[in-house]
There are 2 protein chains.
Amino acid sequence: MSHTAELIAVGTELLLGNIANTDAQTLSRELSALGINVYYHTVVGDNPERLRKAVDIARSRADVIITTGGLGPTCDDLTKTVLAEAFGKKLVYNEEAARRMEAYFRKLHPDTGRMTENNYQQAYLPEGCTPFQNDWGTAPGCGFEAGGVRVVMLPGPPSECGPMFRARAIPFLAGLTDGVIVNRSLRIFGMGESAVESRLREQMNAMTNPTLAPYAKEGEVELRITAKADTEEEARALIAPVEADIRARFGPLVYGADVPSLEAVCLKLLKEQGLTLGTAESLTGGLAAKRFTDLPGASAVFRGGVVSYTDQVKEHVLGVSRTLLEEYGAVSEPVARAMAEGARKVLGCDLAAALTGVAGPDSDDRGNPVGLVYAALAWEGGVHVKAIHAAGPRARVRTVSASWAFDLIRRKLEGLPLN
Amino acid sequence: MSHTAELIAVGTELLLGNIANTDAQTLSRELSALGINVYYHTVVGDNPERLRKAVDIARSRADVIITTGGLGPTCDDLTKTVLAEAFGKKLVYNEEAARRMEAYFRKLHPDTGRMTENNYQQAYLPEGCTPFQNDWGTAPGCGFEAGGVRVVMLPGPPSECGPMFRARAIPFLAGLTDGVIVNRSLRIFGMGESAVESRLREQMNAMTNPTLAPYAKEGEVELRITAKADTEEEARALIAPVEADIRARFGPLVYGADVPSLEAVCLKLLKEQGLTLGTAESLTGGLAAKRFTDLPGASAVFRGGVVSYTDQVKEHVLGVSRTLLEEYGAVSEPVARAMAEGARKVLGCDLAAALTGVAGPDSDDRGNPVGLVYAALAWEGGVHVKAIHAAGPRARVRTVSASWAFDLIRRKLEGLPLN
């Protein structure tokens, strides 16, 4: 029988927008991996009445309640007090929890090492609960079962919440999990979300397990296949045919599965093939180089880049001939080609990607429209230029243009057609 | 009379932990600045029944309901359908919304420009609502009032949600806030959040109107002064002395008020003084150039940049002497200086900023620690180098390093001490 968890985050700082509820994201991931459904997240402030109401609603629709925050002296152990009361449990002094805290304190303050009164408050836990020792902070967490509901209380700081869940709460929840949920994420570049979605709509609506859901990223689409089964193997077996079908439909538009980004795929391919990379950027102004060097380990293959924002830099640094620039203008197929070839020479790299175009907000002095972009890739003995019409505001045009450069690199290294 | 808002985020990807609910953080900040209370956040999946339950609970405890996500074709406009039904409204075809989407689509796909059927679905809006035109994406939002509750529906993508709230929802909510609320945001670079906060804590705790709240950005602190009064003039009069006090305390660390970023301040100063800029980047790999060219109008002053990720590029493109590179290594004060001077020559710009350092994850071959960075600024007849110890993971080291380069430019152009 399948179980349903509800997450209740306690903290006025969340309601003021001082922080985002990242604990909910962490725990949701863990729970879906355990095959426990999560139907609701709730955030409530440091207010006993409103927390109590949230708990009463949660117990009416979930059989696992996981709270984050509201433990510890600064909030008078609000969460512990309210949940113990809601489930008719006394708070009793837990000698072991107190000793653990004292030990942690001595580590923290070797000089004094003495705890204040309000710290000892934290040693009071619901009667009959399983204390969760906190090796990552002071406030202990705990878990108990009452009225058919399992209650788990975790500290709020992300550096304590996630680790305590994995180390203490998962064993406590053992037995609740039936089966596993496995995700597989296919990344598509080169087709808009609604086009991808309309191609798959019927199929998606017909599917129950696995499910298929598209998520739009900037100029990209992520297709997530989610399967539920008794074992990971069975789940993967459910996913495989769906993945195969999507790959058959979208062919080279699918640039990877469970990969972080286009540029990460390029880095892997360049390393495997022992090739170096350089960039020449006009409209993207360094974005492509920035995105590639965001990746740890980029220095193994990345030589450098030139941001040629003016004709002078195109001419004097990249060696683009003035004749080309005057005849065709900076935003043209021949100049893109010359930028890529020049970058390869100047930077001494195996592959050089070049981008020139109009990012906007205004069209250029030759009247080229916003979004017209030429992406070029030069390699030993060859160069290819692709004309793109990137849509949307400046930031999107720049992002999509850089992605096209990476897609050219990927296609070249995978031996796919460049168009 | 004070109002209470509840945020309902719709999206299974939130319950699976694929993304964090950052929209809730953004909107909570905005709402608290408007003086509207937020008592609960709720997250629910793409499920009509459960969304309906969440809405019924929300209307029982709030008089403003703001939904994020669940608009657009991929989820069958779930949110619009459920909320219209919950408040007894029909969905009617909105000709204007359709035309706006078509226009956006033509911009997006100048070649085809035709919308698919599922896009037209988005033009159906609750009868009598105020449509929120989406200038940041496709799915329009909307607002309506029913049964004493104001309902606001916003798209899920953070790049659309926040801007639409500020541009469309705030006017729609006008009248809920008695009097006016005025924000003034002071930006501080060069001091950590906790140092800034501890200097202001007593003052902040003592203040009620205006209030003063610090927000940490990457390597920066934003101090937001929020005043509530009957008129904007009165509100600004309340803010002025607080701003003056903060400027007196933090001096040149305050780089602007109500400004978007350090680089935007640099662009303004460069334009005013008729000076051009170039960059030479090692560890930041183009991030500084990218951030500067993110700004519309950057081309008026930005000449270009060199991403010199290897010694060869430093030597052959920037003209850094091999002797310097061999004697001091790439991460050194002399090389930073030579990179800045070389960039000025090669790029033909008035000011050139250079960055070299160790972004991590590993220290460099000379054993320089992660986070050691040299930022240099060269101008006609001078050059200054600043050594920085940037803390944190790779991405943060890169961001903070680029910011230091912009801060050197700002200080130079404002005639402030460079240290």
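Some points to look at:
- Gyration tensor (alpha-carbon) shape descriptor, the stretch B:237-289, a/c threshold 1.5: prolate
- For chain B, the 222 nm mean residue ellipticity estimated from helices alone, with every DSSP H stretch of n ≥ 4 adding -39500 (n - 2.57) and the total spread over all residues, rounds to -12000 deg cm²/dmol.
- Placed amide H near B:Y124: partners under 5 Å, 5+ positions off or other chain: B:N94
- Karplus-derived 3J(HN,Hα), 6.51/-1.76/1.60, for each residue of the stretch A:317-324, Hz, glycine and proline x: 9, 8, x, 6, 5, 4, 4, 4
- A Förster radius of 60 Å combined with the Cβ-Cβ distance from A:H389 to B:E327 puts the calculated FRET efficiency at roughly 0.75.
- Three-way shape label, the stretch A:289-374, alpha-carbon gyration tensor, a/c 1.5: oblate
- Rounded FRET efficiency, nearest 0.05, which uses the C-beta distance separating A:D365 from A:S159 and R0 of 60 Å: 0.70
- Extending 7 Å from Cα along the Cβ direction at B:Q312 and again at A:R236 yields two label points whose distance is 4.0 nm.
- Among A:267-278, A:200-211, sorting by the average number of other beta carbon atoms lying within 10 angstrom of each residue, highest first, gives A:267-278, A:200-211.
- Working note: Karplus 6.51/-1.76/1.60 with θ = phi - 60° gives the stretch B:298-314 the couplings 4, 4, 5, 10, 8, 8, x, x, 10, 9, 9, 7, 10, 4, 4, 5, 4 Hz, where Gly and Pro are set to x.
- Distance from the alpha carbon centroid of the stretch B:231-299 to that of the stretch A:234-266 works out to 43 angstrom.
- Shape call, the stretch B:313-419: gyration tensor on alpha carbons, a/c limit 1.5: oblate
- Beta bridges from DSSP with both residues in the stretch A:181-234: antiparallel share about 100 percent, rounded to the nearest 5.
- Rounded tilt (10° steps) of B:394-413 against the dominant C-alpha axis of chain B: 70 degrees
- Compared with the dominant Cα axis of chain B, that is its longest principal axis, helix B:95-108 is turned about 20°.
- For B:G256, residues with placed amide H under 5 Å, excluding near neighbours: B:R187
- Å² per residue, accessible surface of the protein assembly as shown at 1.4 Å: 39 Å²
- Equivalent-ellipsoid semi-axes of chain B, from the Cα gyration tensor, Å, largest first: 46, 27, 20
- Using the Karplus relation 6.51 cos²θ - 1.76 cosθ + 1.60 with θ = phi - 60°, the per-residue 3J(HN,Hα) values for the stretch B:184-198 come to 9, 10, 9, 9, 10, 10, x, 9, x, 4, 5, 5, 4, 5, 5 Hz, with x marking Gly and Pro.
- Counting only cysteine Cβ atoms and a cutoff under 4.7 Å, chain B contains unmatched residues B:C75, B:C161, B:C266, B:C349.
- Loop-resident chymotrypsin sites (Phe, Trp or Tyr not before Pro) (DSSP state other than H, G, I, E or B) in the stretch B:273-335 with no more than 11 further Cβ atoms inside 10 Å of their Cβ are absent.
- Peptide packing: for A:119-131, A:152-164, the average count of neighbouring Cβ atoms within 10 Å per residue gives the ranking A:152-164, A:119-131, highest mean first.
- Average beta-carbon neighbours from other chains, 10 Å sphere, peptide A:276-287: 5
- Accessible surface of chain A [probe 1.4 Å, protein heavy atoms]: carbon and sulfur percent: 50 percent
- A:S261 long-range amide H proximity, modeled H, under 5 Å: none
- Pairwise burial A:B, computed as accessible area of each alone minus the pair, summed, 1.4 Å, Å²: 5300 Å²
- Antiparallel bridges, percent of DSSP beta bridges restricted to chain A (to nearest 5): 60 percent
- Mean partner shielding of peptide A:393-399, defined as the number of other chain Cβ atoms within 10 Å of each residue Cβ, is 3.
- Alpha-carbon centroid distance for the pair the stretch B:316-333 / the stretch B:117-159, whole angstrom: 57 Å
- Angle of helix A:22-34 to the longest C-alpha principal axis of chain A, folded into 0 to 90 degrees and rounded to 10: 80°.
- From the C-alpha gyration tensor of the stretch A:187-297, square roots of 5λ in Å: 31, 18, 11
- Spacing of the two label points (7 Å from each Cα toward its C-beta) at B:A195 and A:D245, in nm: 5.9 nm
- Residues of the stretch B:69-89 buried by at least 50 Å² of accessible area upon assembly of all protein chains, compared with the chain on its own (1.4 Å probe): B:T74.
- Each of B:E95 and B:Y120 was given a label point 7 Å from its Cα along the Cα-to-Cβ line. The distance between the two points is 1.5 nm.
- Counting DSSP beta bridges with both ends in the stretch A:1-84, the antiparallel % (nearest 5): 0 percent
- FRET efficiency for the pair A:N419 and A:W136, taken as 1/(1 + (r/R0)^6) with r the Cβ-Cβ distance and R0 = 45 Å, rounds to 0.30.
- Per-residue average of Cβ from other chains inside 10 Å of B:311-318: 4
- Solvent-free Debye scattering, log10 I(q)/I(0), computed from the Cα coordinates of the protein assembly as shown at q = 0.05, 0.07 Å⁻¹: -0.30, -0.60
The values are calculated or read from the model by the stated rules, or taken from the named source; none is laboratory data. Worth saying up front: this structure is predicted, and the values here are computed from it rather than measured. No Cβ is skipped: glycine too gets one built from the backbone with ideal geometry, and neighbour counts run over all protein chains shown. With ligands, DNA and RNA removed, areas are computed over all heavy atoms of the protein, side chains included. Shrake-Rupley method; radii C 1.70, N 1.55, O 1.52, S 1.80 Å.
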